[in-house]
There are 2 protein chains.
Amino acid sequence: MSQPGLRERKKQRTRLALIDAALELFAAQGYEATTVDQIAAAVDVSPRTFFRYFATKEDVALSLPVDGQEVMLRELAGRPAGEPPFTALSHAMRAVVTELQRGDLTETARFLKARELIENTPALFAGSVRRMMENEQRLIAEIARREGSSPDDLLPHFVVSLFTTVARVGFESCHPRSIEDLPAFGERLEQILSLAERSLRPGWDRGPVDGDADAPRVHGDADAPRPGD
Amino acid sequence: MSQPGLRERKKQRTRLALIDAALELFAAQGYEATTVDQIAAAVDVSPRTFFRYFATKEDVALSLPVDGQEVMLRELAGRPAGEPPFTALSHAMRAVVTELQRGDLTETARFLKARELIENTPALFAGSVRRMMENEQRLIAEIARREGSSPDDLLPHFVVSLFTTVARVGFESCHPRSIEDLPAFGERLEQILSLAERSLRPGWDRGPVDGDADAPRVHGDADAPRPGD
DNA sequence: TGTCATCTGTCAGCTCCTGACATAAATTAC
DNA sequence: GTAATTTATGTCAGGAGCTGACAGATGACA
């Protein structure tokens, strides 16, 4: 595992070069005003090649945060089994931030640059939300697995969506001030997480409390067997 | 105010014709497989004219739900001042559903058709969420106004985002089952609203409880002066 | 009826994105 | 080290979404 081969290294280099060129151009003249041809030209690559690295122009700006989501999912999978869902999600999110802090400086700078660009560009923000939502499905599946509940169950959906929302509000609340550094962002995350925890009833993410059997069923209601099956 | 004039009526007719033609084509052959030219041809109108009615191809599918958001905002503005934020939002949402039920049948059918299409088309669903989030800003402003808090305040953001999330999970939970009728949708909404209320601490949407002054400040912290300014 | 505002069609063109094919480069086999 | 094979890249053609500009048609209004 010494080296991943010259070919692979070259690919990684062009990929990063494309991202850097794109971020720079986007920042300088705006996202929509920048064409794919310009980005490709800046890296001295054909426009067709750009689309072999990124499916859409949007993707080049969102690729870094998307990588973050992968880390998030991995971290979540590594959380201890007994941990309540919301707690596990919170810890996974924190792990992503600390993971980023460990990376080298140009790497975190790139990430912050991308993040700010996304936050200030409606089209990119929309795309970011879309990715978040796609990722949400995977988080839901993981939480459902941990809790041993059906993927049709409302509760995992609710928990994950609520968590995602909290994280998003954390991001948004930094805007229009830019996120100057990771530690500041970490603090912000703790604040909003704490607000969420103070707003929610203890044990809410584990379903209805016992002895509440007469309450209208919501937990597991999505495809619950109806009387008569 | 007898009639809005022949010109205006004609415009409304073309607009609805475009929507109907689009929904039909989308349902028949899929959203991406349908071109704007086809839609325009179905209404016997030039493609250029299509774009004078709808800024994007997406818009023709989302226009109806967007109208619903306008109603939602109006209803929210009409809620009594003393009502807690989350309650006011819930009532406004309910009002939208009942408003829809009062409309004529072809109207609600159109809405349901659009809703189902959106739910089953990732690209449209993402667009729908994006509109929802754009609208969120206006809801936040309204809630902040009602509560007399700064628009930078975290709490209104949190409350509105959480509400939007709850509503969205309600929508999503209907899929892949289609929403056959409005009453069923109303019931679903009540279920998820009830789940949310049972998960949250009483008074959460009005800020931290008194006597908790030592807790880390979050409420109103968004642009708090830092030590050293 | 005639003037004016507005809506519509036509056309030309840009940008995003894709399939197909040929070329160049790296990897592997010999 | 050379040949064979895989894989990345460039070139080309083209479809689809979307826009500006101009000319003609059609309601509005006096």
Residue check, A:Ala123 against (1) open to solvent by less than 10 Å² (accessible area, probe 1.4 Å); (2) within 12 Å of another protein chain (Cβ to nearest Cβ); (3) of a type in the set (A, V, I, L, M, F, W, C), all met but one. Which one? (1)
Index of the failed condition, B:Asp59 passing every other in (1) open to solvent by less than 70 Å² (accessible area, probe 1.4 Å); (2) under 16 Å from B:Leu16 (Cα atoms); (3) more than 15 Å from the chain's Cα centre (by Cα); (4) charged (D, E, K, R): (3)
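Being open to solvent by less than 40 Å² (accessible area, probe 1.4 Å), within 14 Å of another protein chain (Cβ to nearest Cβ) and of a type outside the set (A, V, I, L, M), is that true of even one residue in segment A:131-145? Spell out the reasoning first.
Taking segment A:131-145 first, the residues open to solvent by less than 40 Å² (accessible area, probe 1.4 Å) are A:132-133, A:135-136, A:139-140, A:142-144.
Right, trim to within 14 Å of another protein chain (Cβ to nearest Cβ) and you get A:132-133, A:135-136, A:139-140, A:143-144.
Next, from what is left, pick out any that are of a type outside the set (A, V, I, L, M): A:135-136.
Yes, some residue in segment A:131-145 is open to solvent by less than 40 Å² (accessible area, probe 1.4 Å), within 14 Å of another protein chain (Cβ to nearest Cβ) and of a type outside the set (A, V, I, L, M).
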Return yes when B:Asp104 is open to solvent by 60 Å² or more (accessible area, probe 1.4 Å), free of Cβ contacts under 8 Å to residues at least 12 places away in the same chain and assigned by TED's automatic domain parsing to the domain that holds B:Ala21 and no when it is not. no
I need a count of the residues in segment A:146-157 that are among the small types (Gly, Ala, Ser) and open to solvent by less than 10 Å² (accessible area, probe 1.4 Å). 0
Pairs, first more than 14 Å from chain A (Cβ to nearest Cβ) and closer than 19 Å to B:Asp37 by Cα in segment B:7-21, second hydroxyl-bearing (Ser, Thr, Tyr) and near DNA strand C (Cβ under 10 Å from one of its atoms), C-beta under 6 Å, six or more apart: B:Arg15/B:Tyr53; B:Leu18/B:Tyr53
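Hey, which of the helices (runs of 4 or more DSSP H) in segment A:43-114, taking only ones fully inside, have at least 1 residues that are within 16 Å of DNA strand C (Cβ to nearest atom)? Reasoning before the result, please.
Values: elements: A:47-53, A:57-78, A:85-102.
Per the criteria, A:47-53, A:57-78.
Could you tell me which residue of segment A:179-216 is modelled with the highest pLDDT, considering only residues that are open to solvent by less than 50 Å² (accessible area, probe 1.4 Å) and either part of a loop (DSSP other than H, G, I, E, B) or touching a Gly at 6+ places or on another chain (Cβ under 6 Å) (or both)?
Taking segment A:179-216 and keeping what is open to solvent by less than 50 Å² (accessible area, probe 1.4 Å), we get A:179, A:182, A:184-186, A:188-189, A:191-196, A:199-200, A:203-205, A:207, A:215.
If we keep only those that are either part of a loop (DSSP other than H, G, I, E, B) or touching a Gly at 6+ places or on another chain (Cβ under 6 Å) (or both) as well, we get A:179, A:188-189, A:192, A:203, A:207, A:215.
Working: A:Ile179: 62, A:Arg188: 86, A:Leu189: 89, A:Ile192: 90, A:Gly203: 93, A:Gly207: 79, A:Ala215: 42.
Out of the qualifying residues, it is A:Gly203.
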Is segment A:143-152 home to any residue that is in contact (Cβ under 8 Å) with a residue 12 or more places away in the chain, among the polar types (S, T, N, Q) and farther than 22 Å from B:Leu193 by Cα? no
Are any residues in segment B:22-39 assigned to a helix (DSSP H, G or I), in contact (Cβ under 8 Å) with a residue 12 or more places away in the chain and either within 12 Å of DNA strand D (Cβ to nearest atom) or open to solvent by less than 40 Å² (accessible area, probe 1.4 Å) (or both), and if so, which ones? B:Ala22, B:Leu23, B:Leu25, B:Phe26, B:Val36, B:Gln38, B:Ile39
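Residue check: is A:Phe86 within 17 Å of the chain's Cα centre (by Cα) and modelled with pLDDT of 95 or more? Let's see the steps before the verdict.
On the way: within 17 Å of the chain's Cα centre (by Cα): yes; modelled with pLDDT of 95 or more: yes.
Spelling it out, A:Phe86 is indeed within 17 Å of the chain's Cα centre (by Cα) and modelled with pLDDT of 95 or more.
The values are calculated or read from the model by the stated rules, or taken from the named source; none is laboratory data. Small disclaimer: the values here were computed from a predicted structure and weren't measured. Note: ideal-geometry Cβ built from the backbone for every residue, glycine included; neighbour counts use all protein chains shown. Heads up: the accessible areas ignore ligands, DNA and RNA and are worked out on the full protein's heavy atoms, side chains in. Shrake-Rupley method; radii C 1.70, N 1.55, O 1.52, S 1.80 Å.
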